[in-house]
Structure formats: C-alpha cells, structure tokens
1. Since Gly32 meets every condition but one in (1) at pLDDT below 95; (2) assigned to a helix (DSSP H, G or I); (3) out of contact with any Lys or Arg (no Cβ under 7 Å at 6 or more places or on another chain), which condition does it not meet?
2. Please verify whether the stretch 17-28 includes one or more residues that are among the hydrophobic types (A, V, I, L, M, F, W, C) and touching a Lys or Arg at 6+ places or on another chain (Cβ under 6 Å).
3. Here's a check for you: in the stretch 1-24, which residue that is surrounded by 13 or more Cβ atoms within 10 Å (Cβ to Cβ) and within 18 Å of Pro67 (Cα to Cα) is nearest to the chain's Cα centre (by Cα)?
4. Looking only at residues that are among the small types (Gly, Ala, Ser) and either touching a helix residue (DSSP H, G or I) at 6+ places or on another chain (Cβ under 6 Å) or in a helix (DSSP H, G or I) (or both) in the stretch 54-89, which one is surrounded by the most Cβ atoms within 10 Å (Cβ to Cβ)?
Amino acid sequence: MDATHVFTIGQQALYILLMLAAPLLLTVLGIGLVVSIIQAATQIHEATLSFVPKLVGAVIVLGIAGPWMMTTLVEFIQRTITGIPGMVQ
C-alpha cells in the first residue's frame, strides 16, 4: 500500500462525507435563514423560535434521505473493507 492508495481512500471518504452531510446542512441553513429574516422583520427574538423549525426540518430530511444516506455509507464501507486484501500486498 503506497501513498496514492491512502490519498484515494481519504478523498473518497471526504466526498462521501460531503455528499451525506449536504442535504441536512443545507436544509438547516435554509430554515435558519428564513427564520432569521422573519425574526428581523417582526423583531421577535426568541431562541426556541429558531431551534424548533431547524429540528423539525432535520428530522424530516433524515426521514426522507436517511435510507439513501445509510445505503451509501454501507456501500462505501463494504468497498473499503473488501479492498483491504488487495492493498496489503
């Protein structure tokens, strides 16, 4: 196993991490932006007002995209583990 194998696996892992985290992060970011605009317009600054919609949005995204996220992660782990014998030579 040389450095190129290590860098390739690391690059793939970071790409998978970005792919799996993006839907959740973008949803929470979007909800936070909308709630912040509403809070600025109405001048209601309640901490729970921004937390609860983000939590609900995150749960909905995990419910919808969760199976895809799990499948993608399991496939990556299986590919990595089954590729270990070929890398050790």
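1. Checking Gly32 against (1) at pLDDT below 95; (2) assigned to a helix (DSSP H, G or I); (3) out of contact with any Lys or Arg (no Cβ under 7 Å at 6 or more places or on another chain), the one that fails is (3).
2. Yes: the stretch 17-28 contains one or more residues that are among the hydrophobic types (A, V, I, L, M, F, W, C) and touching a Lys or Arg at 6+ places or on another chain (Cβ under 6 Å).
3. Out of the qualifying residues, it is Leu20.
4. If we take residues in the stretch 54-89 being among the small types (Gly, Ala, Ser) and either touching a helix residue (DSSP H, G or I) at 6+ places or on another chain (Cβ under 6 Å) or in a helix (DSSP H, G or I) (or both), then Gly57 is surrounded by the most Cβ atoms within 10 Å (Cβ to Cβ).
The values are calculated or read from the model by the stated rules, or taken from the named source; none is laboratory data. What you are looking at is a predicted structure, and each value in this text was computed from that prediction instead of being measured. So basically every Cβ, Gly included, is an ideal-geometry build from the backbone, and we count neighbours across all protein chains shown.
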